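J.: Mind having a look at this structure? Questions to follow.
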Amino acid sequence: MSYTESEAYQQEIADQYKERNLEMPTTEVTKIMASLGFDVSPEETQEAEAGNMNATFLTDSYVIKISNSSTKTAYSANTIVSEQLPDMKVVRVLKHDIREYTDYEVLVMERAPGEAWLPHMPTMTEEENKRLFAEVLEVTKVSNKINATEKFGWLTDILDDEDNNGFDTYREQLEARLEAYIPKIQLQEDLDQAAISEIITYVEARLHLFDSATPNFVHTDLHMGNVMQQNGKLTAVIDWDSVQSVPSYAGLISLTGLIDNPGQFVEGTPDYPAYKGKQFEYLYPELKQAYADELEDKQLAEKLNVMGVVEALMWMSEDWSREWNKEMVTNLSTKETPKDGDVSGTHFGKIVQKISREMGSVTIYADGKFTAEVVRPQSYLKLPSGK
């Protein structure tokens, strides 16, 4: 059994959330809202569940996000989505204050109807989940076309940080990420540093794959917790805080995670038991339809593999769980960085093969309405060796 499936790990992550989350009494939230012209009472204001690194509060009408960072902004991308996609089912921003009227960065949003997809997905029918996922993917593909910048990087950095305003290529962004993560990992002396060096060498040898990538507006944290629905129909895609200006295929990291390993998004929360060991592979045909152009790239599996390794290094550098870090070093060195360059046996190598197969039927929607179901024969993608 993986350490991530153990009760010890789940408790460790729950404790980390409590330690890292910004805590704030509801009385303070109401004062902040009053400063911004909103009248809410402490009694109607409730704190959202753990899992948000800043403070998030809910009322019947509003979602309120508060960051106490004095140097970085977190919420700018939400405003862009709200303003540029007025006819799409996305978050609606009512006020975004960056330490002008308050001592915080505060985002006030209209609360979308319904509930999050997260607690209902395991018990919804295949057809209900397929329909909802197709609607989410429609929003994803439209939002990817938002032209907020020609640079690569986290959008809040590019827009709001004069000292960190993006990179000319995606390769440069990945290099900068490695430079930030590696020193933190090297300080963890109980990790296998020789294996880590080999992992880093593997990634660096493949960064040339990203020299010619094109930046897109990508929601890089799109999972069932960031989807609002009512009676199985999409009401809003939310939480655009971590938008990056990156290649469109970067969105596949979280979207395939939602299908293949949804439990990763609810670790350390009461929802984890409902997702433990679950997969939703019947959603792959919808994903294939939405990302048909990206799947034409014969190096897609290798690119996702490299990006996945970088994501793992990021979480290792954050040091949420030292035991998880040790397990991840082993997984990366033995499974995810093949010496012969053949990525077909890696996590994303297998994922791309699953997506690329014509897996049964694909449900097609136009303007949110069911129009047809296309049944296709199976075919298989032969992955490149990477040599």
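J.: Let me confirm something: among Ile351, Ile364, which residue is at pLDDT below 95 and in contact with a helix residue (DSSP H, G or I) (Cβ under 8 Å, 6 or more places away or on another chain)?
T.: Ile364
J.: Sticking with this one: Output the residues belonging to region 149-165 that are in contact with a helix residue (DSSP H, G or I) (Cβ under 7 Å, 6 or more places away or on another chain), surrounded by fewer than 21 Cβ atoms within 10 Å (Cβ to Cβ) and modelled with pLDDT of 95 or more.
T.: Thr149, Lys151
J.: If you take the residues in region 190-208 that are β-branched (Val, Ile, Thr) and buried (at least 17 other Cβ atoms within 10 Å of the Cβ), which one is nearest to the chain's Cα centre (by Cα)?
T.: Of everything passing the filter in region 190-208, Val203 is nearest to the chain's Cα centre (by Cα).
J.: Sticking with this structure for a sec: Condition first: in contact (Cβ under 8 Å) with a residue 24 or more places away in the chain, within 20 Å of Asp87 (Cα to Cα), touching a Phe, Trp or Tyr at 6+ places or on another chain (Cβ under 7 Å) and assigned by TED's automatic domain parsing to the domain that holds Val343. Can you find one or more residues in region 197-218 that meet it?
T.: Scanning region 197-218 turns up no residue that is in contact (Cβ under 8 Å) with a residue 24 or more places away in the chain, within 20 Å of Asp87 (Cα to Cα), touching a Phe, Trp or Tyr at 6+ places or on another chain (Cβ under 7 Å) and assigned by TED's automatic domain parsing to the domain that holds Val343.
J.: While we're looking at this one, here's another question. Among the residues of region 254-291, how many are part of a loop (DSSP other than H, G, I, E, B), among the hydroxyl-bearing types (Ser, Thr, Tyr) and closer than 14 Å to Lys354 by Cβ?
T.: Counting residues in region 254-291 that are part of a loop (DSSP other than H, G, I, E, B), among the hydroxyl-bearing types (Ser, Thr, Tyr) and closer than 14 Å to Lys354 by Cβ gives 1.
J.: Here is a follow-up. Return the total of residues in region 228-238 being out of contact with any Ser or Thr (no Cβ under 7 Å at 6 or more places or on another chain), surrounded by 13 or more Cβ atoms within 10 Å (Cβ to Cβ) and more than 14 Å from Val81 (Cβ to Cβ).
T.: 4
J.: Within region 212-224, identify whether any single residue is over 20 Å from the mean Cα position of the chain (by Cα) and either closer than 30 Å to Pro122 by Cβ or modelled with pLDDT under 95 (or both), and answer yes or no.
T.: Scanning region 212-224, I find no residue that is over 20 Å from the mean Cα position of the chain (by Cα) and either closer than 30 Å to Pro122 by Cβ or modelled with pLDDT under 95 (or both), so the answer is no.
J.: Give me the residue from region 156-181 that is without any contact (Cβ under 8 Å) to a residue 12 or more places away in the chain and outside any helix (DSSP H, G or I) and, out of that set, nearest to the chain's Cα centre (by Cα).
T.: Here the residue is Asn164.
J.: Also: Could you tell me whether region 345-352 includes any residue that is of a type in the set (S, T, N, Q), buried (at least 21 other Cβ atoms within 10 Å of the Cβ) and farther than 18 Å from Glu175 by Cα?
T.: yes
J.: Let me spell it out: the conditions are (1) without any contact (Cβ under 8 Å) to a residue 24 or more places away in the chain; (2) over 21 Å from the mean Cα position of the chain (by Cα), and Lys184 meets all of them except one. Which number is the exception?
T.: (1)
J.: Residues of region 36-48 being of a type outside the set (A, V, I, L, M, F, W, C), surrounded by 15 or more Cβ atoms within 10 Å (Cβ to Cβ) and either touching an Asp or Glu at 6+ places or on another chain (Cβ under 9 Å) or modelled with pLDDT under 95 (or both), which ones?
T.: Within region 36-48, Glu47 is the sole residue that qualifies.
J.: Let me ask something else about it. Any residue that is in contact with a Leu (Cβ under 7 Å, 6 or more places away or on another chain), at pLDDT 95 or above and not charged (D, E, K, R) - is there at least one of those in region 8-28?
T.: The answer is no; no qualifying residue exists.
J.: Please determine, by comparing only the residues of region 306-344 that are small (Gly, Ala, Ser) and over 16 Å from the mean Cα position of the chain (by Cα), which one is surrounded by the fewest Cβ atoms within 10 Å (Cβ to Cβ).
T.: Gly341
J.: Follow-up question, since we're still on this one. Only one of (1) free of Cβ contacts under 8 Å to residues at least 12 places away in the same chain; (2) in a strand (DSSP E or B) fails for Gly153. Which number is that?
T.: Single failed check for Gly153: (1).
The values are calculated or read from the model by the stated rules, or taken from the named source; none is laboratory data. What you are looking at is a predicted structure, and each value in this text was computed from that prediction instead of being measured. Neighbour counts run over all protein chains shown; Cβ positions are idealised from the backbone, glycine included.
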